[in-house]
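Presented below is the structure to which this report refers.
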Amino acid sequence: MTKPLALAFHPQRTDLYQELHSRPFQVLPARARVTHIAVMTTPEQRERQFKHLQALHRMLGEPWPEQEVTCYEQNFDQLRVRREVHMEFTAYTFTNLAPSEAEPFDETGLSALPKGWLERLEGTVVAAFHIEVSPSSENARNEPAFMRKHFEGMRLVGSSPQEGAARVLGTFQLHSDNFGRFMVLNYSMSDSQLGRLVQRLMEIETYRLMSLLALPVAREITPALNEMDQQLATITQALADNETLDEQTILAKLTNMAARIEAFRAHSTFRFSATQAYHRLVLTRLEELREDEVSGHLTITEFMTRRLTPAVKTCEAVSVRLEDLSRRIDRASDMMRTRVELAIQSQNQELLSSMDRRSRIQLMMQHTVEGFSVVAISYYLIGLLSLGLNALAESGIPLNKPVLLGIAIPGVLVLVFVAIRLIHHRFIRLANRQ
């Protein structure tokens, strides 16, 4: 035995290898009745679903699984139960392998289940349909009426996949039992090939329905988008015509529209993205069928192209429209904000001009006050000088007080004026430096 190398393997390396083998194709005999159900669940419902699956094992007297896995399959004598866990839904496939001479769809994959078990399955059923797998017969091959009577007279869609190795017929509609129906007639396929064909058929129908979940969302959003589109066009035209607008009201409307768009995007982005992913899976599975046309019937690919693709394109168009409307609202908001900023700048400019005028008036008043200040200060200085001369005269010094005061008045006025001007110029220099 070769000794394993001591390399540092990625901790998820084994899981990555197992991922490709997590959902193996079934092997089906030439006669089987299959029922496929896809159920959307919350994490809490999914946990309870697993416990419900364990209860089925107990009811049938078989050991039950202890741990949930991505794909679980178990045979109970003539009943095969398969459970696949997907991102959004859980798929159950019940295959009834018991021999039967009953007419197609009189017995289904659910016939072998214990009564009442399926009704207690939690979750919201999206896809539910029966598949009748049987060998080809001359009646089925040559008489379309033989096939049509098992589909309650509904219009059939079908083809011969794998270069005519089988024939697939269905209606893609709900029948009286609230289930869809498909019939697979095996001409020359092996059990493995037949299992792969049925698996692709189940995936096509399940992914088709999952991809259409976004269509009601798109239809619900469209009227609101039409209304907002018209409002935005009116606002944009008013801006282009330079009309007088109430900026605050317009900005409030734009903000409200932007909030509604973001709410729509939060509600629909995942659903629209999932629709595109499911649609690509449907197209891939259709290519793998390699269909040949059956005279008188639309092929499954033609039916999907005519019916499913327009619905998916509608969802894509609404998704693109949401993004486009969001960008247009942003641009309109930018224009409104620019308009408001220009108006504010104009108001600020007028305010500054008014302040400049008031400053000049204040400066003129200041110069006038300076003149009065020179006189007032000089008056008080002459008064102080008079008191000083009085004191000298009383001390016995002979002075001619009126002459001295008369001579001092011009000098005091000049000195006070020069001092005030020097102080004024000093403050001007300090202001210029700052």
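The values are calculated or read from the model by the stated rules, or taken from the named source; none is laboratory data. Predicted, not measured: the structure shown is a model, and the values here were computed from it. Note that we place each Cβ from the backbone using ideal geometry, even for glycine, and neighbour counts take in every protein chain shown.
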Scanning segment 93-133 residue by residue, those of a type in the set (A, V, I, L, M, F, W, C), crowded, with 19+ Cβ neighbours inside 10 Å and outside any loop (DSSP other than H, G, I, E, B) turn out to be Phe94, Ala127, Ala128, Phe129, Ile131, Val133
Given the conditions (1) within 30 Å of the chain's Cα centre (by Cα); (2) assigned by TED's automatic domain parsing to the domain that holds Arg196; (3) at pLDDT below 90, report the number of the one that Gln45 does not fulfil. (3)
Output the residues belonging to segment 41-88 that are touching a helix residue (DSSP H, G or I) at 6+ places or on another chain (Cβ under 7 Å), under 20 Å from Gly109 (Cα atoms) and touching a residue at least 40 places away in the same chain (Cβ under 8 Å). His52
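Yes or no, residue by residue, for (1) closer than 23 Å to Gly116 by Cα; (2) of a type in the set (Lys, Arg); (3) modelled with pLDDT of 90 or more:
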position	(1), (2), (3)
Arg58	yes, yes, yes
Gly61	yes, no, no
Gln67	no, no, no
Glu73	yes, no, yes
Val81	yes, no, yes
Glu84	yes, no, yes
Tyr92	yes, no, yes
Asn96	yes, no, yes
Glu103	no, no, no
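Determine whether Ser176 is of a type in the set (Gly, Ala, Ser), assigned by TED's automatic domain parsing to the domain that holds Ala30 and not in a helix (DSSP H, G or I). Write out each step before concluding.
Details: of a type in the set (Gly, Ala, Ser): yes; assigned by TED's automatic domain parsing to the domain that holds Ala30: yes; not in a helix (DSSP H, G or I): yes.
For Ser176, the condition - of a type in the set (Gly, Ala, Ser), assigned by TED's automatic domain parsing to the domain that holds Ala30 and not in a helix (DSSP H, G or I) - is met.
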Give me a count of the residues in segment 389-434 that are surrounded by 10 or more Cβ atoms within 10 Å (Cβ to Cβ) and either outside any helix (DSSP H, G or I) or touching a Phe, Trp or Tyr at 6+ places or on another chain (Cβ under 7 Å) (or both). 2
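Confirm whether Val27 is buried (at least 17 other Cβ atoms within 10 Å of the Cβ) and closer than 30 Å to Phe151 by Cα. Please lay out each step first, then the result.
Details: buried (at least 17 other Cβ atoms within 10 Å of the Cβ): no; closer than 30 Å to Phe151 by Cα: yes.
Here the answer is no, as Val27 does not meet what is asked.
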If you scan segment 265-297, which residues turn out to be in contact with a Pro (Cβ under 7 Å, 6 or more places away or on another chain) and assigned to a helix (DSSP H, G or I)? Leu289
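Please verify whether Ala240 is among the small types (Gly, Ala, Ser) and under 27 Å from the mean Cα position of the chain (by Cα), treating the condition exactly as stated.
Spelling it out, it is not the case that Ala240 is among the small types (Gly, Ala, Ser) and under 27 Å from the mean Cα position of the chain (by Cα).
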Tell me the residue from Thr236, Thr206, Thr222 that is part of a helix (DSSP H, G or I), surrounded by fewer than 18 Cβ atoms within 10 Å (Cβ to Cβ) and modelled with pLDDT of 90 or more, please. Thr222
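Of these, Ala127, Ala102, which one is within 39 Å of the chain's Cα centre (by Cα) and not polar (S, T, N, Q)? Break it down stepwise before answering.
Numbers: Ala102 fails: within 39 Å of the chain's Cα centre (by Cα).
Of the residues listed, the single one that is within 39 Å of the chain's Cα centre (by Cα) and not polar (S, T, N, Q) is Ala127.
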